[in-house]
Amino acid sequence: MTNSACSGKLPTTDAADKGRAVPGLAQRHLEPELMDQPDADPHWHRHALRALEKVNRLSRTAAALWREIVRRVPQEQLPKLRLLDVACGGGDVLIRLARWAQDRGWQWHLAGCDISPRALQLAASQAQQHQVALELFEHDVLVRALPGAWDVITCTLFLHHLENSQAQKLLADMIQAARRLVLVDDLNRTQLGYWMAWLVGRISGNPLVRFDAPQSVRAAFRPQEVLHLARQAGAEVLHIKTHWPQRWLLILQGTAC
């Protein structure tokens, strides 16, 4: 881990800028991301959360989750679904799910938790703007188990932040707290994914995204790796699929099925 990433200072260069080969992607390379630093600049942090919203929209993340929920949750339970989004960030995925549920007249109870008060403030503001009701609360999933009981638990673009043992524990916690379904969507560690993230970082104009986007791919799990962790966590794996752009979606069965 570099001192610059640990301190929250912005690195002045990276492998691609120097013309060197991309760091090997055969193994995960976990390094603190600048967005996760407590002293990250508030303006750039908020800007980075909005950039993630655009990435999720282009990746059709919410649509991928919606399809699996509607397909796998019994039809009689859909109108009153309880759903928790772990590490919800700015809440954009939750808000899209909420609006689609509203369009169908379904009264979903949608909640999101995150360790970042700034992210939760943005999520609350966005929910108010879009006129959707969300339960939002601060929670450190690495310290405490998930509270409450939920039909579905989702988690997007968070697992790659964790050590293998932490990711395994979180998967186990989500399975225990979900009655029906756990959906985990994240980056796939590929060369194409790295260069796409590198390009996004430069286009964004955000110094946090410039470092974090390609670093996220270097830290990401490949499908077989996350499958192994899920099975170690005691999960019954229903399916894992890859989707645009260089993402995978892991589908786990909840405890009540």
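FYI, it's all coordinate maths here, none of it is from the lab. Keep in mind that what you see is a predicted model, and the values were worked out from it rather than measured. Reconstructed Cβ throughout: ideal geometry from the backbone, glycine too, with neighbour counts over all protein chains shown.
Using the Cβ-Cβ distance between ALA63 and GLN121 with R0 set to 45 Å, the FRET efficiency works out to roughly 0.95. In terms of the Cα gyration tensor, with a ≥ b ≥ c the square roots of its eigenvalues, is region 108-159 rounded because a/c is under 1.5, prolate because a/b exceeds b/c, or oblate? The shape class here is oblate. Measuring nothing but alpha carbons in the chain and taking Rh as the Kirkwood radius, the Rg to Rh ratio lands at 0.95.
To the nearest 10 degrees, how steep is helix 61-72 against the longest Cα principal axis of the chain, on a 0 to 90 scale? For 61-72 against the chain, the angle is about 30 degrees. Pairs of Lys residues in the chain, spaced 8 or more positions apart or belonging to different chains, with C-alpha separations under 30 angstrom: 9 in total.
Using a cutoff of 8 angstrom between alpha carbon atoms and counting only pairs six or more residues apart, the relative contact order for the chain works out to 20 percent. Tell me the angle of helix 117-129 to the major Cα principal axis of the chain, expressed in degrees between 0 and 90 and rounded to the nearest ten. In the chain, helix 117-129 runs at an angle near 50 degrees to the longest axis. Classify region 158-257: rounded, prolate or oblate, from the alpha-carbon gyration tensor (a ≥ b ≥ c, eigenvalue square roots; a/c under 1.5 rounded; otherwise prolate if a/b is larger than b/c)? Cα axes put region 158-257 in the prolate bin. For the chain, a simple Cβ point-charge model (Lys and Arg +1, Asp and Glu -1, everything else neutral) yields a dipole of about 720 debye relative to the Cα centre. Loop-located trypsin sites (Lys or Arg not before Pro) in region 75-146 (DSSP state other than H, G, I, E, B) with a sparse environment of at most 16 neighbouring Cβ atoms within 10 Å: ARG104, ARG144.
Subtracting the Cα-Cα distance of GLN75 and ARG231 from 0.36 nm times their residue separation leaves 53.4 nm of extension gain. Within the listed set ASP185, ASP41, ASP92, the Gaussian network model of the chain (springs between alpha-carbon atoms below 10 Å) gives the highest mean-square fluctuation for ASP41.
Looking at the chain, the DSSP beta bridges with both ends there are about 40 percent antiparallel. Measuring r between the beta carbons of ILE203 and GLN107 and using R0 = 30 Å, the FRET efficiency lands at 0.15.
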